[in-house]
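Beneath this line is the structure, given in structure tokens, with notes to follow.
Rule-based calculations on the coordinates, nothing more; no lab input. As the structure is a computational prediction, the values presented were derived from the model and not from experiment. In this analysis, Cβ positions are derived from the backbone assuming ideal geometry, glycine residues included, and neighbour counts consider all displayed protein chains.
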Amino acid sequence: MKLLLVEDDAQTAGFVIHGFRERGHVVDHAPDGREGFFLATYNAYAVAIVDRMVPHMDGLSLVRALRSAKIQTPVIFLTTMSGIDDRVEGLEAGGDDYLVKPFAFSELYARVNALARRAPVSTQQTVLRVGDLEMDLLKRTVTRGGAAIDLLPREFQLLEYLMRHADEVVTRTMLLEGVWEFHFDPKTNIVETHISRLRAKVDRGRATGLIQTIRGSGYTIRAPATAP
Amino acid sequence: MHLQRLLKTASFKLTALYVLLFGLSVAALATVFYFNAVRVLDAQERARIQSEASMLRGEYERGGLPALLSGIRERQRGRIAGGLDYTVYRGDGTRLFGNLPKVPFEKGWKHTSGPPDGDEPPGQLEQLLVYRLPLSNGLWLMVGDDIGHIRELGHVIEDMSIWGLLLAVTLGVIGGAALSLAFLRRIDSITRTAEAIIAGDMARRIPLRGADDDIDRLATTLNRMLDRIGSLVESVRHVSNDIAHDLRTPLARLRQVLEDGRRSARTPAEYEATTERAIREIDSILETFSAILRIAQIEAGTRRSGFRRLDLSGLAESLVHSFAPVAEDGGKSLSASIAPGLVLEGDAELLTQMMVNLIENAIRHSRDGAAIVIGLRNGPAGAEFSVADDGPGIPAGERERIFRRFYRLERSRSTAGSGLGLSLVAAIANLHDAKIIVSDNHPGLKIVIVFSQAKSETARERPLSRAAE
């Protein structure tokens, strides 16, 4: 995929560009907000990675300008401020996600992928399917191979999040934010605990496990047939 | 030396004004009193004279001149001090009886003076008031009295007023000066305290007099302000000290990891392991920094503007559902009793973090098999969120200190953690005007957060799922 990176710090830019190119993606780099706006207007990017503090036009203004120009490229903000108000500000300006520097590359990669593959808003799915696992969002039921699986509300939410991001790597932080709405790092292994319980209910006694752990990155749910 | 300052004090100026006003009112009062007293005495005098005169006229009309004269004589015989003087004239001006000085024959009142009779001030004539009444056959009856005593009363009142005025002014000036001095001394004590604090004695406070007056209230407020400033200064100093000390440890560890790697790592796998360890150390340092920043941001209080009404019960309940399996996996049990329908104006994100920190603290620092109890109830002072365990607890002397930044109990120094979790809890509680109570759970530790601002929304069924767990 083709990505735009608006970042003035050469080292961070190099780190991000290197990471994506290594995985076979194209990254255009703008060292300031004006150039970033220019590039974003004339090229179609899958995702724009925008640092909030860049010269000439700061990240927030850049995204506001893009949105008012009807450019809907998904945007993930990068910031050194671990401020609690900043995230809300970024989202209100039209950003889609938010990552605090410094970050692990795997975290950024997973989030960019999630944004790039995000289904258009119009497709309101009521049933999610991964292999023989089926989730009915209206009836709030989950079945695997026709057999009902009884889930607690939190487990249902967790599975829904994974299934909405099927075939993608979902990081621990993404789960904490998306399922628990925790915007901080808990000290206990709450994600691991719930994943292992969910996995016990979904995958126990089955020949193929759908929920997989990607070491050092996070989790993914994928049907065996599409597995690489 | 102090005189000039004394004259400038507000208290002295007020006293002077007060003395002036008091003096003026004393003078006004005396004047009114004087005129009224004179008027009343004069009216009494006239009524007495007039009634005597008309009684004598009655006697004259019944019995002629002899009756009149005998009536007068009779009155003069029974004369007591202050009795009246009577004189009868014929129409041609010849005096038939009496010794009042001659006055023109016109009906009505006349002031006149006569020879002194001894009760006047020396050198003055007797002051007389005469009533003239024409009788039939051209006779004139004059009835008069010495009115010197009325004037004398006026003088007495005048003297009293002047002395009273002098006394009031003197007392006022002395009292004012004394009050000003007392006031000045107390202002001076505030000034001296401030000077001492400027000079570096941060612990100095303004002495209180014990009276619940304006100055004591001012002093109390100033002292509280000084306490607040003191604690802020103290906390800034702590933070910088603590950052210096507490970050030295992980940085030193990081250095050891890297040095160790350089010395002994030989294979790529070994180098990778070193890098992993170094990244972990750096992450924990970064986490500490962001926790410090977060606490500072919360303490700045700007988040209050984003307070929303939120369902405290729902929040607590969902956290219990999330953490019960975590505790279970750690070989501990987590149970809860959450009162429904408690709402609060607050910041959901921060409150979540506060509760999570408390719950995780209990899970991480309790013994194996510990029972952790989460509670939310509508207490007398507001909603009480509590986390209790039956672990080793915290010695009474250390309970207050656990909310300090970087504070860690000796026994938990070995476990991971920045020592900022409970400071964050304290900051968030403070932001929500909540009080933290740390107590002994016999055995174990119990931390209660009392939200005085929370309200109970009873008799309303919440649509929240109540999944049994």
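Tabulated data
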quantity	calculated
Computed E for B:Ile437/B:Ser231 - FRET, C-beta separation, R0 22 angstrom, nearest 0.05	0.65
Charge context of A:Arg21, other residues only, Cβ under 14 angstrom, K/R +1, D/E -1	0
Considering only chain B, percent of DSSP beta bridges that pair antiparallel, nearest 5	90
Per-peptide average of other Cβ atoms within 10 Å, ordering A:203-209, B:160-166, A:32-38 highest first	A:32-38, B:160-166, A:203-209
Estimated FRET transfer efficiency (A:Ala200, A:Ala10; beta-carbon r; R0 56 Å; 0.05)	0.75
Value of [θ]222 nm, deg cm²/dmol, for chain B, DSSP H segments ≥ 4, -39500 (n - 2.57) each, nearest 500	-20000 deg cm²/dmol
Spatially proximal lysines relative to B:Lys102 (Cα-Cα < 21 Å; intrachain offsets below 8 disregarded)	B:Lys110
Cα-based helix-to-principal-axis angle, B:268-300 vs chain B, degrees rounded to 10	10
The stretch A:2-116: relative contact order as a whole-number percent, Cα under 8 Å and 6+ apart	24
Inter-label distance, nm, simple model (7 Å from Cα along the C-beta direction), A:Phe38/B:Leu251	4.1
Karplus 3J(HN,Hα) series, Hz, for the stretch B:48-57 with 6.51 cos²θ - 1.76 cosθ + 1.60 (x for Gly, Pro)	5, 4, 4, 6, 4, 4, 6, 5, 5, 4
Beta bridge orientation in the protein assembly as shown: antiparallel %, DSSP, nearest 5	75
Percent antiparallel among DSSP beta bridges (both partners in chain A, rounded to 5)	50
Normalised contact order of chain B, rounded percent, pairs of Cα under 8 Å and 6 or more residues apart	10
For chain B, the longest site-free run once trypsin sites (Lys or Arg not before Pro) in DSSP loop states with at most 14 other Cβ atoms within 10 Å are removed	B:108-208
